[in-house]
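The values are calculated or read from the model by the stated rules, or taken from the named source; none is laboratory data. In this text the structure is predicted, and so the values were computed from the model without any measurement. Quick reminder, even Gly has a Cβ in these numbers, built from the backbone with ideal geometry, and neighbours come from all protein chains shown.
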Amino acid sequence: MLVFDAPKTTELCGAIPNPPTVFDENPLLELLNSDGFSIFPGFCDVHVHFREPGFSYKETISSGCQAATRGGFTAVATMPNLDPVPDSVENIGLAQAVIDRDSSIAVFPYGSITEAEKGEQLADLKGMASRVIAFSDDGMGVQSRELMREAMVLAKEVGKIIAVHCEDEKLKDDGYINDGEYAREHGHRGIPAESEWRELERDLELAKDTGVALHICHVSCRESIELIRVAKIDGIDVSCETAPHYLVFDDAMLEEDGRFKMNPPLRAQADRLAMIEAVADGTVDMIATDHAPHSESEKSRGLAGSAFGIVGLETSFPAIYTYLVQTGIISLERVMELFVYRPRERFGIALGNDFSIWNLEDTAPVRPSEFLSKGRATPFAGRILSGRCLLTVHNGKTVYLDEKALQETKARTCKSERTH
């Protein structure tokens with residue numbers, strides 16, 4: 001069994017528990033002391049949408065947590081595009097009440113940067129500071145330079161990260177897929193990469209001026225990556241994430257299906273290759289899914305009519321393992337940095353008695369009908385991925401157990417014993 005311990009230099013993250021001690025407490029773990037199984041510290045995703053309160057038909061705290069545990073995640077940070085938007089102490093309290101009632105893992109809510117995420121007036125950043133993980137208007141780029149500066153000054157004062165969705169609405173111009181060859185050939189309205197990197201350039205300038213801790217959400221294009229590289233060399237306090245779909249797909253792989261529609265969109269092949277290089281060289285700090293479930297009807301209207309957003313918690317690690325580790329691009333140690341240590345360090349999320357057990361030799365096609373998330377839309381549907389989560393533990397408690405895997409493991413063990 002391959003066991004990954006937390007590095008001793010990481011104060012926020014404790015080592016995973018001694019496996020033999022845990023094995024005594026769970027019948028499945030007793031069967032896993034063999035080659036082919038791996039134990040990893042609990043994964044952390046700082047960018048998910050659990051849709052509650054307000055849109056529970058898309059996802060709930062409970063169903064989102066179930067999807068997370070199946071993907072090996074024991075901590076997530078939930079974005080604020082809810083109803084009501086968590087833009088005040090009262091509204092963040094409503095969101096926290098649902099989390100307290102229904103979560104099975106650690107769930108940390110974001111507060112919005114602006115009231116109702118409209119980009120017109122600042123939310124109550126000072127009032128919410130002790131109750132949120134960070135501030136973001138994810139899904140919306142804050143268009144006003146002056147308002148963003150004011151938000152950064154306040155966030156710096158209260159010691160919180162500003163996590164930005166970089167998008168210039170004027171440059172976006174009602175586009176909905178990448179402004180590339182596919183869009184032109186199929187008559188779709190395109191979103192130019194400049195709509196992302198131009199606002200990112202502005203926010204990096206403001207971060208340098210204000211000293212705020214800045215986090216860039218779902219980076220998708222090569223220009224953004226280069227700006228972030230330079231900013232880090234320049235000493236700006238900036239981190240960034242990308243998602244598995246930006247590393248595996250590009251707009252040449254698009255299909256006329258809502259499961260290929262997200263924001264930012266799948267970019268050109270050159271952008272995808274630049275993202276892979278940035279993951280490998282450390283420019284990208286962490287992998288986040290931007291898990292954004294919608295109902296079937298909202299995702300069945302093709303590229304033009306479907307809602308933006310796909311699900312990702314249940315395919316994230318297998319996708320990275322299949323396309324980046326098995327191909328020799330990055331190591332499992334680097335995956336642990338991306339999935340565990342960097343997101344937890346950056347956002348101050350401690351790792352307690354959290355881990356997951358995986359069979360990395362198990363390969364299977366992605367079957368959205370079997371997802372624990374309410375969402376089903378994923379470009380990975382039908383793709384053969386390696387890695388199956390067998391069990392996830394949070395705070396010493398089993399929060400996910402693959403019963404089918406338990407039976408299969410028992411059967412293999414009995415067969416091996418009969419053979420010998």
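Here are some notes:
- Some residue of the range 275-294 being within 24 Å of residue 49 (Cβ to Cβ), surrounded by fewer than 20 Cβ atoms within 10 Å (Cβ to Cβ) and either over 19 Å from the mean Cα position of the chain (by Cα) or modelled with pLDDT under 95 (or both): no
- In the range 103-120, the residues that are under 16 Å from residue 59 (Cβ atoms) reach residues that are of a type in the set (A, V, I, L, M, F, W, C) and surrounded by fewer than 19 Cβ atoms within 10 Å (Cβ to Cβ) with C-beta atoms within less than 6 angstrom, at least six apart or across chains, in these pairs: 107/99.
- Criterion violated by residue 136 - all others in (1) surrounded by 24 or more Cβ atoms within 10 Å (Cβ to Cβ); (2) more than 23 Å from residue 92 (Cα to Cα) satisfied: (2)
- Among the criteria (1) over 14 Å from residue 67 (Cα atoms); (2) modelled with pLDDT under 95; (3) hydrophobic (A, V, I, L, M, F, W, C); (4) touching a strand residue (DSSP E or B) at 6+ places or on another chain (Cβ under 8 Å), the one residue 390 does not fulfil is (1).
- In the set 107, 158, 142, 164, only one residue is surrounded by 20 or more Cβ atoms within 10 Å (Cβ to Cβ) and over 30 Å from residue 193 (Cβ atoms); that residue is 107.
- Here residue 238 qualifies as under 23 Å from residue 163 (Cα atoms) and not basic (Lys, Arg).
- Filter result (surrounded by fewer than 21 Cβ atoms within 10 Å (Cβ to Cβ) and touching a residue at least 40 places away in the same chain (Cβ under 8 Å)) within the range 323-334: 323, 326, 329, 330, 332, 333, 334
- So residue 191, is it in contact with a strand residue (DSSP E or B) (Cβ under 8 Å, 6 or more places away or on another chain) and within 25 Å of residue 154 (Cα to Cα): no
Okay, residues lined up against (1) over 17 Å from residue 142 (Cα atoms); (2) of a type in the set (D, E, K, R):
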| site | (1), (2) |
| --- | --- |
| 197 | no, no |
| 208 | yes, yes |
| 214 | no, no |
| 222 | yes, yes |
| 231 | yes, no |
